[in-house]
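S.K.: Have a look at this one before I ask anything.
The values are calculated or read from the model by the stated rules, or taken from the named source; none is laboratory data. Treat the numbers as computed from the prediction; the structure is a model and nothing was measured. A quick note on method: Cβ atoms are made from the backbone with ideal geometry, for glycine too, and the neighbour counts reach across all protein chains shown.
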Amino acid sequence: MNVDIRYGRDGVQKVDIPDRNLVGVFAPADVPVGDADEVIGRSIDNPIGCGSLAEFLEGGEDIVFIVNDGTRPTPTAKVLDMLSSRMDLRKARYLVATGNHRDMTAEEYAFVFGSHYEELKDRIICHDAKRSDCVYLGDSKNGTPMEVNRIAVEADRLVIITSVEPHYFAGYTGGRKSFLPGVASFRTIEANHRLAMRMEAQSLVLEGNPVHEDMMDALEQVKGKRIFSIQMVLDRHQNIYKVASGDLNKAFAQAVEWADGVFCVPVPEKADMVISVAPYPMDVDLYQSQKALDNGKWALKEGGRILMVSKCREGIGHDTFLQQLSSSKDPKEVLENLKKEYKLGYHKAAKMAEIAVWADIWAVTDLDPEIISAANITPFPSVGDAVKRMLDENPDARIIVLSDGSVTIPKVE
């Protein structure tokens, strides 16, 4: 069977996988998608757990929107289109929840704000985890110092626009994640992400997940703050499927239920090889593309090969995690080294090293093959080359393709 593998924004790598070897090509579920404007508008006008948007905004003197940055597929611009007929967008400020990511590029600002960018650009603040003025809200029950951007803490109205899908250590994106780590300090993000080293920090898990607990603890510190959320669930093509608006936690719970129906995908068996694709814009760098590896592992046999396909347009993304991955040719030793101290990014190295203990990690990227090899990852020039190598070594190998591996959670039936 000929399979098209997305590579970069517009590229495609074609690979021929014999029918007898191919278990299947799996992606988030195909779900019925209506008119995006209608879906968003209906949700905003029928909020969950609170009054109308107009009632929420009434009397607001410092209205702040928190929006996702350009590494997320969240269609913020479409939401702003619908809001523009319900409020004066210039009466608000817009805080970009970068977490510890870099400032956005001109292309990303255009993607996030769409036709509203020129009108709003003097109202936009890009959160900088190391430089933004943050307010200390106390320590979480897990010991994380909770420091959040003063603009978000002191606003008298917060509007959070985000999207919800599974997340490999926070359980899910969306909701509370816009506040912490979205607009938190570097110190807070580092402490929160250290908790990702724990086994309880897994995709789809909220109960008992220490990373999620931190996020909820931060919201508890601003319990009296008025927050209106608009939380989208996208389909496999990044079109808007469902939108839950209103109370942050109630809308999040509804969006999680919808997201499970899209992103949790049944597979008939575990495979000898899993090809997990990080499609644009998730392919920004190796650091972000790691999510495709972590999701793909759920469909892989012990001793198998997982092939990450990601252009890694901007390189590695985080030198510290690469240094740790490259610290030893033995992934068990890498894990031991990671236990000695923690710096932001080490959790990514730990999650990758955990896989490398029981499986081989292969990759097709635009990165220097020597750099990839030093990190215990076998580089290939193309998906076709990797599949050929696999079938040369094991002609009976069973192969699964996750065409949107960054957000697909395979569940063996």
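S.K.: Could you name every one of the helices (runs of 4 or more DSSP H) located completely within the range 53-132 that has at least 1 residues being of a type in the set (Lys, Arg)? Quick ask: steps written out before the conclusion?
M.R.: Working: elements: 53-57, 76-83, 106-113, 117-120.
Ranges flagged: 76-83.
S.K.: Here is a check on your reading of the model: is ASP156 touching a residue at least 40 places away in the same chain (Cβ under 8 Å), over 27 Å from VAL256 (Cβ atoms) and either touching a Gly at 6+ places or on another chain (Cβ under 8 Å) or surrounded by fewer than 22 Cβ atoms within 10 Å (Cβ to Cβ) (or both)? I'd like the intermediate steps shown before the answer.
M.R.: Values: touching a residue at least 40 places away in the same chain (Cβ under 8 Å): yes; over 27 Å from VAL256 (Cβ atoms): yes; either touching a Gly at 6+ places or on another chain (Cβ under 8 Å) or surrounded by fewer than 22 Cβ atoms within 10 Å (Cβ to Cβ) (or both): yes.
Criteria met by ASP156.
S.K.: Say we look at the range 60-91 and pick out the residues that are touching a residue at least 60 places away in the same chain (Cβ under 8 Å) and farther than 26 Å from ASN239 by Cβ; which of these is surrounded by the fewest Cβ atoms within 10 Å (Cβ to Cβ)?
M.R.: By that ranking, first place goes to GLU61.
S.K.: Determine, yes or no, whether ARG102 is surrounded by fewer than 18 Cβ atoms within 10 Å (Cβ to Cβ), in the same structural domain as HIS193 (by TED's automatic domain parsing) and touching a residue at least 40 places away in the same chain (Cβ under 8 Å). Spell out the reasoning first.
M.R.: Details: surrounded by fewer than 18 Cβ atoms within 10 Å (Cβ to Cβ): yes; in the same structural domain as HIS193 (by TED's automatic domain parsing): yes; touching a residue at least 40 places away in the same chain (Cβ under 8 Å): no.
No: the conditions fail for ARG102.
S.K.: Of the numbered conditions (1) assigned by TED's automatic domain parsing to the domain that holds GLY70; (2) without any contact (Cβ under 8 Å) to a residue 24 or more places away in the chain, GLN323 satisfies every one except a single condition; which is it?
M.R.: (1)
S.K.: Here's a follow-up. If the requirement is being under 25 Å from the mean Cα position of the chain (by Cα), without any contact (Cβ under 8 Å) to a residue 12 or more places away in the chain and surrounded by fewer than 19 Cβ atoms within 10 Å (Cβ to Cβ), which of these qualifies: ASP368, ASP360, ASP392? So that I can check it myself, show each step before the final result.
M.R.: Working: ASP360 fails: without any contact (Cβ under 8 Å) to a residue 12 or more places away in the chain; ASP392 fails: under 25 Å from the mean Cα position of the chain (by Cα).
Criteria check complete, one pass: ASP368.
S.K.: Also, I was wondering about something else. Is it the case that SER43 is at negative phi and either crowded, with 21+ Cβ neighbours inside 10 Å or not in a loop (DSSP other than H, G, I, E, B) (or both)? Full working, then the answer.
M.R.: Working: at negative phi: yes; either crowded, with 21+ Cβ neighbours inside 10 Å or not in a loop (DSSP other than H, G, I, E, B) (or both): yes.
Taking the combined requirement at face value, the residue satisfies it.
S.K.: May I ask you to list pairs of residues, at least six apart or on different chains, whose Cβ atoms are under 8 Å apart, with the first in the range 253-267 being outside the structural domain of ASP404 (by TED's automatic domain parsing) and crowded, with 21+ Cβ neighbours inside 10 Å and the second being at pLDDT below 95 and among the aromatic types (Phe, Trp, Tyr)?
M.R.: none
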